[in-house]
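Q: Before we start, here is the structure in question, set down as structure tokens.
Derivation of every value follows stated rules applied to the coordinates shown; laboratory data play no part. These numbers were taken from a predicted model, which means no experiment stands behind them. Positions of Cβ are backbone-derived with ideal geometry, glycine not excepted, and every protein chain shown enters the neighbour counts.
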Amino acid sequence: MQTLFITGGAGFIGSALIRLLIAESGWRIVNIDKLTYAGNLESLGAAGHDQRHIFSQTDICDRAALDALFAAHRPAGVIHMAAESHVDRSIHGPGDFIYTNITGTYTLLEAARAYWSCLNEPGRTSFRFHHISTDEVFGSLGPAGMFSEETAYDPRSPYSSSKAASDHLVRAWQHTYGLPTLVTNCSNNYGPFQFPEKLIPLMILNALAGKPLPIYGKGDNIRDWLHVDDHARALRLVFERGIPGATYCIGGCNECTNMEVVDTLCTLLDQQQPRADGKSYLTLKTFVADRPGHDRRYAIDAGKIARELGWTPRETFESGIGKTVAWYLANGEWIAHVQSGAYRQWVETNYGARQ
Ligand code: NAD
Ligand code: TYD
């Protein structure tokens, strides 16, 4: 049985990938996660208790701890997605983004390189370091065009510039040291278990609580929505079959304005959980001051991963968002634990002391 390191596996996308890999692959997974506010082991569900899932509460900036993990588990590769991930937080406090996204990626690259350089020839050739990044590194689009693997970098926010820096480090470790790396840049993810600071879960939970739905600016900024389970399938394909040194863009082919997203959510909630007062959730929409430096439009041309690896998304926005609203309505316990902070105690209860 081969071992795979996944960093950030207690986060939104990492937990989706671990659920997929435990259900559908033979990988043994070492989940390396510091458990910041965004890390929630409850999101792993039954996969979190599987014998092929080993959790280590570790900061990716801790080189000694990483070296010990590489020595103990001897992985065949790393999928790196531990990061600070929320643009608004990066505007209010960029320090954690520089620390984790840049210094953390550097530290992990160095630990991986030290381990990889001592492998035998077949092990060095088959090893992969797969770095998960964002389309936000490409900047902001006007009304036409799409981001692709050829698009020049032009990040605008503290978050996207820290991710861009980490992408450059990963490519430099490939060009300079020959570490077999892969980079994927994906669009906005949505789906179950997303922390309610991001647009879609924030709007669903605010609506259910009868709170205002804060729409930045005019609500006409555009994002390309990718269901997290489609993304997880794409990540598995790239990790297992991608060409070392290559980049793949992953998008949902689902461009919507923020207003369209909020209107859709309100309409679905009106159908699935009508308000007691008979009013529509649409009445909760509230325009607020715009995000500083708010990128206008993101859209991904996912043609390369379709042509080379045969991946296309299974969910349309219509199918995926309906399931997502239904999931939030059916998973009150997960939401209550996130809102009360009880999810933070879950690791001690279920995993005992730090491993
Ligand atoms: P998330 O915020 O839900 O999870 C991040 C995880 O990383 C958490 O479990 C957290 O505890 C962990 N972490 C943070 N700092 C750490 C550190 N120093 N050491 C170890 N673990 C640490 O993020 P997500 O939405 O799951 O995103 C995962 C990756 O995908 C990130 O790299 C992000 O930049 C990228 N991405 C996300 C989206 C999206 O829409 N969510 C889109 C494009 C790219
Ligand atoms: P977000 O989920 O934070 O993702 P990102 O900034 O990485 O794209 O935001 C998605 C879009 O929704 C973005 O254009 C900002 C907007 N937005 C709001 O209008 N109101 C909100 O409360 C939030 C969190 C986001």
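Q: Answer yes or no: is there a residue in segment 274-282 that is touching a His at 6+ places or on another chain (Cβ under 8 Å) and crowded, with 19+ Cβ neighbours inside 10 Å.
A: no
Q: Test of understanding: among ILE98, ILE91, which residue is within 12 Å of ligand 1 (Cβ to nearest atom), over 21 Å from LEU235 (Cα atoms) and among the β-branched types (Val, Ile, Thr)?
A: Details: ILE91 fails: within 12 Å of ligand 1 (Cβ to nearest atom).
Going through ILE98, ILE91 in turn, just one is within 12 Å of ligand 1 (Cβ to nearest atom), over 21 Å from LEU235 (Cα atoms) and among the β-branched types (Val, Ile, Thr): ILE98.
Q: I'd like the residue in segment 73-120 that is of a type in the set (Val, Ile, Thr) and assigned to a helix (DSSP H, G or I) and, out of all such residues, is surrounded by the most Cβ atoms within 10 Å (Cβ to Cβ).
A: THR105
Q: Of the residues in segment 238-267, how many are assigned to a loop (DSSP other than H, G, I, E, B), within 16 Å of ligand 1 (Cβ to nearest atom) and β-branched (Val, Ile, Thr)?
A: Of the residues in that region, 0 qualify.
Q: Also, I was wondering about something else. Can you say whether TRP173 is among the aromatic types (Phe, Trp, Tyr), over 22 Å from ALA289 (Cα atoms) and away from ligand 1 (no atom under 15 Å from the Cβ), as far as the supplied structure shows?
A: Answer is yes for this residue.
Q: I'm checking my understanding of the structure. Among residues of segment 29-88 that are within 16 Å of ligand 2 (Cβ to nearest atom) and not polar (S, T, N, Q), which one is nearest to the chain's Cα centre (by Cα)?
A: Among those that are within 16 Å of ligand 2 (Cβ to nearest atom) and not polar (S, T, N, Q), it is MET81.
Q: Quick one: how many residues across segment 38-72 are of a type outside the set (D, E, K, R), over 22 Å from TYR106 (Cα atoms) and not in a strand (DSSP E or B)?
A: Looking only at that region, the number is 10.
Q: Looking at GLU318, GLU308 in this structure, which one is surrounded by 15 or more Cβ atoms within 10 Å (Cβ to Cβ), of a type outside the set (Lys, Arg) and farther than 16 Å from ASN258 by Cβ?
A: GLU308
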